Structure formats: structure tokens, C-alpha cells
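In what follows, a single structure is set out as C-alpha cells and then discussed.
The values are calculated or read from the model by the stated rules, or taken from the named source; none is laboratory data. Bear in mind the structure is a predicted one, so any value in this text is a computation, not a measurement. Here the Cβ is made from the backbone with ideal geometry for all residues, glycine too, and neighbour counts use every protein chain on show. SASA here: full protein model, heavy atoms, side chains in, ligands and nucleic acids out. Shrake-Rupley method; radii C 1.70, N 1.55, O 1.52, S 1.80 Å.
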Amino acid sequence: MTIPILIVLAVVVLAILFFVTEWVRYDVVGLLVLLTLAITGLITDEQALRGFSNPAVITIGAVLVLSGGLYRTGVANLVGRHVLGLAGDSQVRLIFLMMATAGALSGIMNNIAVGALFLPVVLDIARRTNQAPSKLLMPLAFATLLGGLLTLIGTAPNILISGYLEQEGLQPFRMFDFTPLGVLILLAGTVYMASMGRRQLPSRETGVTSRERSIDIRAVYDLQSTLFTVTIPRDSRLSGSTLAETRLGVALGLNVLAIRRNGQKQLAPQPQYLLRGGDQLIIQGRIDALESLQSWKHLTKADHRLPITADLVSESVALAELEVVPGSSACENTLADLDLRTLFGVTVIAIGRADRQRRSRLQDVLLEENDTLLVIGPTDRIQALSEQEDFGPVQTLHTEEASRKYRMDERLLHLRVPEESPLAGQSLAESRLGDALGITVLEVTRDEGKVMLPYPDMVLESGDELLIAGREEELQLLDSFQDLRIEREGPEVEELESDEFTFAEATLAPRATLLGQTLQELFFREKYGLTVIAIWRGDRSYHSNVRVRSMKLRLGDAILLYGPTRKLAMLAQDPSFIVLTADAPDVYRSGRAPLAGAIMAGVILSVAFGLLPIQIAAPSGAVLMVLTGCLTPEEAYEFIEWKVLILIAGMLGLGLAMQESGVAGIVGENVLGSLAAFGPLAVVAGLLVLTAGAAQIMPTVAVAVLMSPIALTSALELGYSPHAMMMVIAVGSSCAFLSPVGHPVNLLVMGLGGYRFTDYTKAGMGLFVAILAVTLLALPVLWPIVQ
């Protein structure tokens, strides 16, 4: 083997490794591949950049915008609801109609968009017909994948394959060249899943199953058992406080869903809502969290010499100021996000901003440029923090200066843990003193001595003296919890709903940039004005507000929400979320649906009749979608999957290097050439199995780019039709349904259907065999293999 061949093979292997392990994001993999090939001289600089201006890349981007226009105007939603409404209660008829309709729409729309549009419709039907979503959602995902074979613009691999033929001087595929074989495959797949395939699907209950929403919330999320009522006494210190100031949510993981006052009920009160004595709070959460807080014996103030600030410093511990520099990555993050205590061993005890100082409840403060942080910690760790590019130089402060500048003595208290206190035996983290009171424990004193800046895992003991940074008013807030009257009997769920307030379920869209982030990091409540009640993941729901806020979001999570319907409508318009509840507010521009449909029809017909090439017709249609108001310019950019386009541009260079270096010929000769002795159908079967196998672990666009030069080279060497072999690549790329990671649409339904990894293989294997049989029977008739 030559050195260029070895380099290309090494690049291919590493790219596949990165795709499988996801150590590197797939668009970055595409760029790494491109740069490696250019640096090693396997492709020229001009060839390396050619992929970014490739007509296929431009066309795919434009088709995504066209698909977005159909999505935003609700064309697919309208069609889906009317067609699926004909299915009645029959599971067989429902699967058949659903797959046929979703598949047909996927021929002109992005398959993820079709899946997202059909999710609420299918889940609504599952509720009304009392069927498990796991019997319906996987066939929906499979249909969107198979439907991409219906037209040239049905899926990105089709466009790439056609573009590769044109690049090699051959006749590219036309708009409906895929249709005859695509219709047969979609029909075979639909018949199989509606008959034998549905018996391979699991029947599992998830958070989106039952027939009626209120029953679903009580039975599946067990919401009714988590509702209780709390009455605020007339003379309570909580009177005049806002909901946020009570810290019921942050401290105890409780959600206040409604407040009764003078016979009137305020649903979904906002954090700024002012409480009064006599208010009845309807709360969702664990009642034992509040009862446990009430069982605490009060922390008592301890006698101590003044000034307290003098206790804070020593030879090894210092007070210092450092500034958040302009352009710092710390900006728009909270101290909880930065976690300086864990990373650097220092504690922030005050934040200076302009002429103001913030000295309590610091963890949730969004940092800004030029903020000054007053920190305490080991001298060497403070110095290490100053070396970070996000912060300016350290300025060490004397205790007197810190006390004068930040008035720290007003915020430092000595408290004692009383005998037999429930706090004894709990770690600082378990006690949740910081969450409950918004305080920071700076020092713990016991018989053995002092522990400066204790870590959260330090266990408290009776008699411990705590030096805290906080306010005495916050201790009084703790006292006020002792007088709350708790009633275990909560209202019926229906009492919390009205025309203006409702429960709803949502999930993350596959293209969402929020994956891996927490609700706390997203400031979800502040941004959307909705309360997260629970998250359904796998086969169970999570209710605790504290737990839910700290869970990293995954694709397939079902999020139960409560709040104003107008806020729900705003969430539904966010491309990062899909609202699953059937009666969610209408967020589509239905009045422009006929216009969007006409624009898409114009694009398809202009290409079909040869009036315009696809690389001109598609961008023209995309522009018209924006000019006619079917999409806003911002939405158009959001619907373009930039990571996919970058991946394609990078991988196109690899396809070129495979062909020019001879790798494509070697792979084709050793893999497909060995099958030639058994006849053309054996070669077709081998190529289809190889392509489909790659599609389970790699992005389908990467599969198309990698397999195209292999298929074309083998076709020319064996005397087979290039178009027949490239059609096999298109079919194989659409068979990404044997694993959940084969395609984002599989992951979209995985959590909502309660599926496991093996469920896809079990249900998909029979489907693949059916597709293989149809391909072997129909391809020689539609696209003669031997020229």
C-alpha cells in the first residue's frame, strides 16, 4: 500500500471512531478530516474549500428552510390530523395510515420536522384509544426515514448522491427518479410494521400514555398525591414577602401552583407575588420536606467577641478582591455555574457592582463585566484564581478594609447547633442551610478546633458553632416556617386548570442546543414563565424541584409543565422544544399554509419539468418562504442545520481523497468484488448491508459521502450501472433504524416511547429484511444492474 492510501485509511478509521464514541462533535470531525487531508497534501487547498461551495451543500440548506416553512405554517400538522382521524381505534389501520402519511410528507420535508409535527398527534391518539405510545412512536420514526426515498429532496443523502454523479460527469438523479423504488419500500415497510412488525414492539407505559390529560397527570405522574395545602397565619413574618423570598422552591423543592385569598384563587403565581397572612398556598412537592424543616429546633445565636471579621483571616487564609474582566466567559453565568469552591477552594462572600454590594443569596446572581468578587480562601488558591483569564489581578484586603467597604460585620453571624437538633448528623449539603437561608458557612468551631471554609460533605454535630455569611432576617424566615399550617389534603387537579392556565408536556427537539444543560442553567422559569412539575425519563418520573432543576436534559425527556397558556404558546414557538400535549395553543401560521404549500409545489415542479436546476430552485423557494412571511429570517437560519452542512463540506474532501488515492477501488475490490462471482444481486445485497450497517453508527450524510466513491468505482470495474449502485446507497442510508443512535429521529421517540436499545434492533431487523427483499426484486426492473 502507498503512503496516501495508508493516510486516507487512517483518517477514515479515526473519523468512524469519533462518530461512534462521540468524543468529538460530528461537525468538528468533518473539519478535522478536511484539514488533515489538506495538510498532508492528499487534496489541494482549492479542493479542500470546494466543499463549502458545493451545490449539494447549498441545496440541502435551502431544502431545510423549505421544510421549515411547511412546519411553521402547519401544513403537515393539518394533513396528519385529518388523515389519522380516519384510523379510529384500530391499531393496524392507525399504523398504516400514520406511516403512509408521515412517509409521504418526508418526501418533501426534513424527516425530523415531520417526526416533531406528528408527535403530539400520535400521542393524542394513543391517549384517546388507550394504546401505549411504544406501539406507535417507533413506526412513526421508521416511516420518516423510509419516506426520504420518495424524492430527490426527501433526504440529504439523496442530494449528495445525485451531486456526486454529476461531479463525475454522469447524469444526476431527477426529482422523481427515486419515487418508484421509494414507494415500494415505504409500502413494504408500512405493511410489515402494521402486521408482523407491531408484534415486535414493546408495550410500555410512559409519562405520555393515558386517554385524558387529567387522568394522565394523576395516574402516571402521580401528581394528585404530591398536592397539599399550606396556610400562612395572619401574624406570620411571611406576610409581605414575595414567593421568591420564601425560598420554598429553592430550599425545599416545592412548587406553589396556586394561592387562595379571600375566596379568590390565583393560579400559577409568579415569583414576585406578595404574600399576605391568611393566604392558602396550594403546593406540589414532597410534604415531608416542609415537615422536616418544621421539626428543626431553631439555630440559636452564639455569644462571640467582636469584630467577627477578625476571625476570617490567618497566615494561610486571605480576603481578596478580583474583577470580572470584559469579555470574560464568567459573564452571564452564576456562581453556581462557575463552582469556584470546587475548582479553586475559594468562597465568594460578596459581589460589588457599580455603587452597590450584594452579600446574600449569591449563588443565583448573574455575573456581569467589571463585577468585583470578594473572596476568602487559601492564599495560594486565590493566587491561582487570579491567573485565570476571566479575572483581573488579585487585591488582598485587610479585615478592617473589607469590613468597612462591604459592611461584612453586619452580615456575619455566629450560630449554634442546639442539642438534639435534627441538623446533627447531617452534612452541610444535606442540611441545605445554604439553600434554605441563602447563607454561606465560613467556619465551624467544635471542641477539636476550628475548620475554616468547610466543604459541603462536613457532618454537623450538636454544639457546633457556625460562622455564617447571611442576614438575621433569613433566620427569622426559618422561624416563620414553624408556624405554617399544613393540610395533607390537596385540591383536585382539575381545580388548577382553566382556559388561561393548564398542564402540558414538552420534549427537546433533536436539533436543540440545550442538550446536556440543566433547567437551572437555562433559567427556565425566568425565561418561559412556566413551572416544571416533573421530568419523565426512562420508566419513571422525577418530581423534586431541586432534583429536576439539576438534571441534565436528554433527548427524549418528557417535561411536565404548568402555567399560562400564552406562555406555553411562547415555548412552542421555540425551536428547541416540542410541545406534546394535544390541546396546546395553536402556534402555526395556518393562514399561510396554502402559500407555503404552493411554494414547495413550485420548487418540485420546476425541477421535475427541467425549468430550473435543484440548486437554483430550492434557494429561490427558501427566499420566497421568508418574503411571503411563512418564515421570519431568524427562523430560516434556525431551521438550517449548520453542523450538518459543515460535516458535509468536510466529508466531501474525504470522498475525493478516497477516489484519487485508490482507497475506494481497494475497498470495492476486496468487499464487493469478492461477491461478484455470485452475481449482481449478491453485490447489491453486500453493498446494501454494508451501507445500512454504517448508517447505524455514523451520520447518514457521512455514510453517503464515504460509500459513493466505493459504489461508483465498483460499478465501473464490474460493468454495472452507476445509477443502480448509487440507488442502493440511497436505500442503505435510509435504513438507519436498527439502533437509536442511527438517526436523531430515533432518539426523539426513544424516551417518550420508553424504548431500550435492543427494541430498535428487534423491530428493525425484520423491517430491514423486508427492504432488502424488495430492493433485490425491484431494483433490476427499475434500474437494470448490468449495463
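Residue pairs whose Cβ atoms lie under 7 Å apart, sitting 6 or more positions apart in sequence or on different chains, and linking a residue in region 9-21 that is closer than 20 Å to Pro709 by Cα to a partner that is modelled with pLDDT of 90 or more and open to solvent by 50 Å² or more (accessible area, probe 1.4 Å), are Val11/Thr36. Residues considered: Thr347, Thr399. Of these, the only one that is polar (S, T, N, Q), within 17 Å of Val324 (Cβ to Cβ) and open to solvent by less than 80 Å² (accessible area, probe 1.4 Å) is Thr347. Being basic (Lys, Arg) and either assigned to a loop (DSSP other than H, G, I, E, B) or modelled with pLDDT under 70 (or both) is true of Lys297. Of all residues in region 655-670, at least one satisfies being open to solvent by less than 30 Å² (accessible area, probe 1.4 Å), of a type in the set (Ser, Thr, Tyr) and not in a loop (DSSP other than H, G, I, E, B).
Give region 774-785 a look and list any residue that's touching a residue at least 60 places away in the same chain (Cβ under 8 Å), part of a helix (DSSP H, G or I) and open to solvent by 20 Å² or more (accessible area, probe 1.4 Å), or say none.
Residues of region 774-785 touching a residue at least 60 places away in the same chain (Cβ under 8 Å): 774-776, 778-780, 782-785.
Now narrow it down to the ones that are part of a helix (DSSP H, G or I): 774-776, 778-780, 782.
Selection gives Val774, Leu776, Pro780, Leu782.
Among the numbered conditions (1) under 13 Å from Leu340 (Cβ atoms); (2) assigned to a helix (DSSP H, G or I), the only one that Gly377 does not meet is (2). Restricting attention to region 711-722, the residues that are within 14 Å of Leu688 (Cα to Cα) and either open to solvent by 10 Å² or more (accessible area, probe 1.4 Å) or not in a helix (DSSP H, G or I) (or both) total 0.
Just one residue in the set Leu415, Leu437 is at pLDDT 75 or above, surrounded by 16 or more Cβ atoms within 10 Å (Cβ to Cβ) and at negative phi; that residue is Leu415. Quick one: is Val325 among the β-branched types (Val, Ile, Thr), open to solvent by 20 Å² or more (accessible area, probe 1.4 Å) and more than 23 Å from Met452 (Cβ to Cβ)? Answer is yes for this residue. Scanning region 6-30 for residues that are assigned to a helix (DSSP H, G or I), surrounded by fewer than 17 Cβ atoms within 10 Å (Cβ to Cβ) and among the aliphatic types (A, V, I, L, M) gives Leu6, Leu9, Ala10, Val13, Leu14, Ile16, Leu17, Val20, Val28. Residue pairs whose Cβ atoms lie under 6 Å apart, sitting 6 or more positions apart in sequence or on different chains, and linking a residue in region 748-766 that is buried (at least 19 other Cβ atoms within 10 Å of the Cβ) to a partner that is assigned to a loop (DSSP other than H, G, I, E, B) and acidic (Asp, Glu), are Gly751/Asp557; Gly754/Asp539.
Sub-7 Å Cβ pairs linking a first residue in region 394-407 that is part of a helix (DSSP H, G or I) to a second residue that is among the aliphatic types (A, V, I, L, M) and modelled with pLDDT of 75 or more, at least 6 apart or interchain, are Thr399/Leu319; Ala402/Leu319; Ala402/Leu374; Tyr406/Ala350; Tyr406/Leu374, ordered by first then second residue.
If you take the residues in region 381-393 that are free of Cβ contacts under 8 Å to residues at least 60 places away in the same chain and of a type in the set (D, E, K, R), which one is farthest from Leu343 (Cα to Cα)? Spell out how you get there, then give the answer.
Restricting attention to region 381-393, the residues satisfying the condition of being free of Cβ contacts under 8 Å to residues at least 60 places away in the same chain are 381, 383-384, 387-388.
Subsequent filtering for residues that are of a type in the set (D, E, K, R) retains 381, 387.
Numbers: Arg381: 9, Glu387: 13 Å.
Taking the candidates together, the pick is Glu387.
Residue under question is Arg485, and the condition is that it be modelled with pLDDT of 85 or more, open to solvent by 20 Å² or more (accessible area, probe 1.4 Å) and over 30 Å from Ala572 (Cβ atoms); does it hold? Spelling it out, Arg485 is indeed modelled with pLDDT of 85 or more, open to solvent by 20 Å² or more (accessible area, probe 1.4 Å) and over 30 Å from Ala572 (Cβ atoms). Scan Leu181, Leu145 and give me the residue that is touching a Cys at 6+ places or on another chain (Cβ under 9 Å), more than 15 Å from Pro613 (Cα to Cα) and touching a residue at least 12 places away in the same chain (Cβ under 8 Å). One residue alone meets the criteria, Leu145. Scanning region 508-536 for residues that are modelled with pLDDT under 80 and charged (D, E, K, R) yields Arg511, Glu521.
Within region 174-182, can one find any residue that is assigned to a helix (DSSP H, G or I), open to solvent by 10 Å² or more (accessible area, probe 1.4 Å), of a type in the set (S, T, N, Q) and at pLDDT 95 or above? Yes: one or more hits.
Are there any helices (runs of 4 or more DSSP H) wholly within region 41-147 with 3 or more residues that are farther than 30 Å from Met727 by Cα and of a type outside the set (Asp, Glu), and if so which? Full working, then the answer.
Values: elements: 45-50, 55-72, 75-84, 91-106, 111-128, 137-147.
Qualifying helices (runs of 4 or more DSSP H): 75-84, 91-106, 111-128.
Of all the listed residues (Leu97, Leu119, Leu140, Leu123), the sole one being farther than 22 Å from Val57 by Cβ, out of contact with any Gly (no Cβ under 6 Å at 6 or more places or on another chain) and open to solvent by 10 Å² or more (accessible area, probe 1.4 Å) is Leu97.
Taking Gly147, is it crowded, with 24+ Cβ neighbours inside 10 Å and of a type outside the set (D, E, K, R)?
Yes, satisfied.
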